Amino acid sequence: MSKIRKAVFPVAGLGTRFLPATKAMPKEMLTVVDRPLIQHVVDEAHEAGIEHFVFVTGRNKAVIEDHFDKQFELEATLRDRGKTTALAELEKDLPAAGQTSFTRQQEPLGLGHAVWCARELVGNEPFALILPDMLMRSTPGCLKQMVEARDAIGGGNFVAVEEVDPANVGSYGIVGVGRDHGPAFEITRMVEKPAPADAPSNLMISGRYILEPEIFDILDNQERGAGNEIQVTDAMIKLMRDRPFYGFRFGGETYDCGSKVGFLSANVAFALDRPEIEPEFREILKGLLAR
Ligand code: G1P
């Protein structure tokens, strides 16, 4: 069973729900405390043993590439000023030279299309797919837990799932639950954005995947699905005919940072995790809530 070495990050979305913040700045650069969203998910991938980070970007996203490069002037200034902690922090976060790749989606044709754009960069090996909007909080991170589940089961395709309010199933990919395999369960069905009556459960696909490379052959067909978009869920449904698919119930917290409330909640939760911020911030929050 080959190791999961590569992760794909679809970052071409326009971020229309965050205008005007995202007019000139990619939504993935919005910060949760002091780290851009994209840095949080790259950290998660790094912790899971990922060695190559593939970004599927679009126009106006060049600053993401800059973020994962050295900032020569900044580093020189920090060095001159003896700011060694800040310097070390920057160094720690930086993938090594050659560990990042960037390609462009060109047109917003759906998540499946974004994944397909990474086919040459991923090649013929299983890979992780991470949706940066979905920020997950747990120790260890969600992807590391999934990699461990895959190791225990001996391979296959995996999606992280979690419960949603049955009224909201129409916003997500939803899975049907089959036999238990220890750390994960067999998926019997998947439906993208079902009407509540057609949903096989209330377990939604939450934004972390481990996929086998055959998914790219299916995506080659460029078939349109829900919302007239090329859906990765539809390609997974086809792949599931020949290959095992498992659902991994993620036990941590997930913040949908594509929504304002999710994003703001993530900032509060992650700020309260930081010992240097927590005491003062908690007091201020208490005051605000008492208003
Ligand atoms: C995508 C997937 C969906 C998944 C969701 C998680 O939908 O197609 O299966 O549940 O992400 O956020 P999107 O949010 O891009 O519409």
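Which condition breaks for ARG59 when tested against (1) under 30 Å from ASN228 (Cβ atoms); (2) in a helix (DSSP H, G or I)?
Unmet condition: (2).
Do we have any residue at all in segment 241-248 that's loosely packed, with under 15 Cβ neighbours inside 10 Å and either within 16 Å of the ligand (Cβ to nearest atom) or assigned to a loop (DSSP other than H, G, I, E, B) (or both)?
First, pick out the residues of segment 241-248 that are loosely packed, with under 15 Cβ neighbours inside 10 Å: 241-242.
Retained after the next criterion (residues that are either within 16 Å of the ligand (Cβ to nearest atom) or assigned to a loop (DSSP other than H, G, I, E, B) (or both)): 241-242.
There is at least one residue in segment 241-248 that is loosely packed, with under 15 Cβ neighbours inside 10 Å and either within 16 Å of the ligand (Cβ to nearest atom) or assigned to a loop (DSSP other than H, G, I, E, B) (or both).
Rundown of residues vs (1) without any contact (Cβ under 8 Å) to a residue 12 or more places away in the chain; (2) touching a Lys or Arg at 6+ places or on another chain (Cβ under 7 Å); (3) surrounded by 16 or more Cβ atoms within 10 Å (Cβ to Cβ), yes/no style:
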position	(1), (2), (3)
LYS193	no, no, yes
PRO200	no, yes, yes
ASP220	no, no, no
GLY227	no, no, no
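When only residues in segment 108-141 that are in a strand (DSSP E or B) and within 12 Å of the ligand (Cβ to nearest atom) count, which is farthest from PHE263 (Cα to Cα)? Walk me through it before giving the result.
Going through segment 108-141, the residues in a strand (DSSP E or B) turn out to be 127-130, 134-137.
Remaining after also requiring within 12 Å of the ligand (Cβ to nearest atom): 129-130, 134-136.
Numbers: LEU129: 21, ILE130: 17, MET134: 9, LEU135: 9, MET136: 12 Å.
For segment 108-141, the residue satisfying everything is LEU129.
Could you check how many residues of segment 85-105 are at pLDDT below 95, of a type outside the set (A, V, I, L, M) and either outside any loop (DSSP other than H, G, I, E, B) or farther than 19 Å from GLU75 by Cβ (or both)? Full working, then the answer.
From segment 85-105, those at pLDDT below 95 are 85-97; that's our starting set.
If we keep only those that are of a type outside the set (A, V, I, L, M) as well, we get 85, 89, 91-93, 95.
Remaining after also requiring either outside any loop (DSSP other than H, G, I, E, B) or farther than 19 Å from GLU75 by Cβ (or both): 85, 89, 91-93.
Of the residues in segment 85-105, 5 are at pLDDT below 95, of a type outside the set (A, V, I, L, M) and either outside any loop (DSSP other than H, G, I, E, B) or farther than 19 Å from GLU75 by Cβ (or both).
Just need a number here: residues in segment 229-261 that are in contact (Cβ under 8 Å) with a residue 12 or more places away in the chain and farther than 22 Å from GLY156 by Cα.
If we filter segment 229-261 for residues that are in contact (Cβ under 8 Å) with a residue 12 or more places away in the chain, which is where we start, we get 229-240, 242-260.
Narrowing further to those that are farther than 22 Å from GLY156 by Cα: 229-230, 252-260.
Result for segment 229-261: 11.
Within segment 5-29, track down each residue that is more than 14 Å from the chain's Cα centre (by Cα) and crowded, with 20+ Cβ neighbours inside 10 Å.
Quick first cut of segment 5-29, residues more than 14 Å from the chain's Cα centre (by Cα) only: 5, 14-26.
Once the filter is applied, which keeps residues that are more than 14 Å from the chain's Cα centre (by Cα) and crowded, with 20+ Cβ neighbours inside 10 Å, segment 5-29 yields only PRO26.
Taking segment 249-258 on its own, how many of its residues are part of a loop (DSSP other than H, G, I, E, B) and either surrounded by fewer than 19 Cβ atoms within 10 Å (Cβ to Cβ) or touching a Gly at 6+ places or on another chain (Cβ under 9 Å) (or both)? Give the derivation first.
Taking segment 249-258 first, the residues part of a loop (DSSP other than H, G, I, E, B) are 250-252, 257-258.
Filter once more, so that each one left must be either surrounded by fewer than 19 Cβ atoms within 10 Å (Cβ to Cβ) or touching a Gly at 6+ places or on another chain (Cβ under 9 Å) (or both): 251-252, 258.
Qualifying residue count for the region: 3.
Of the residues in segment 142-187, how many are away from the ligand (no atom under 16 Å from the Cβ) and not hydrophobic (A, V, I, L, M, F, W, C)? Break it down into steps so the answer makes sense when it comes.
Just the residues of segment 142-187 that are away from the ligand (no atom under 16 Å from the Cβ), to begin with: 144-145, 147-156, 178-186.
Those left that are additionally not hydrophobic (A, V, I, L, M, F, W, C): 144-145, 148, 150-151, 154-156, 178-183, 186.
Of the residues in that region, 15 qualify.
From VAL161, VAL177, grab the single residue that is hydrophobic (A, V, I, L, M, F, W, C) and surrounded by fewer than 18 Cβ atoms within 10 Å (Cβ to Cβ).
On the way: VAL161 fails: surrounded by fewer than 18 Cβ atoms within 10 Å (Cβ to Cβ).
That would be VAL177, the only listed residue that is hydrophobic (A, V, I, L, M, F, W, C) and surrounded by fewer than 18 Cβ atoms within 10 Å (Cβ to Cβ).
Provide a single number: the residues in segment 220-240 that are polar (S, T, N, Q) and either in contact with a strand residue (DSSP E or B) (Cβ under 7 Å, 6 or more places away or on another chain) or within 9 Å of the ligand (Cβ to nearest atom) (or both). First the steps, then the outcome.
Within segment 220-240, the subset polar (S, T, N, Q) is 221-222, 228, 231, 233.
Retained after the next criterion (residues that are either in contact with a strand residue (DSSP E or B) (Cβ under 7 Å, 6 or more places away or on another chain) or within 9 Å of the ligand (Cβ to nearest atom) (or both)): 231, 233.
Total meeting the criteria: 2.
The values are calculated or read from the model by the stated rules, or taken from the named source; none is laboratory data. Values in this document were obtained by computation on a predicted structure and should not be read as measured data. Don't worry about glycine lacking a Cβ; one is built from the backbone with ideal geometry, like all the others, and counts go over all protein chains shown.
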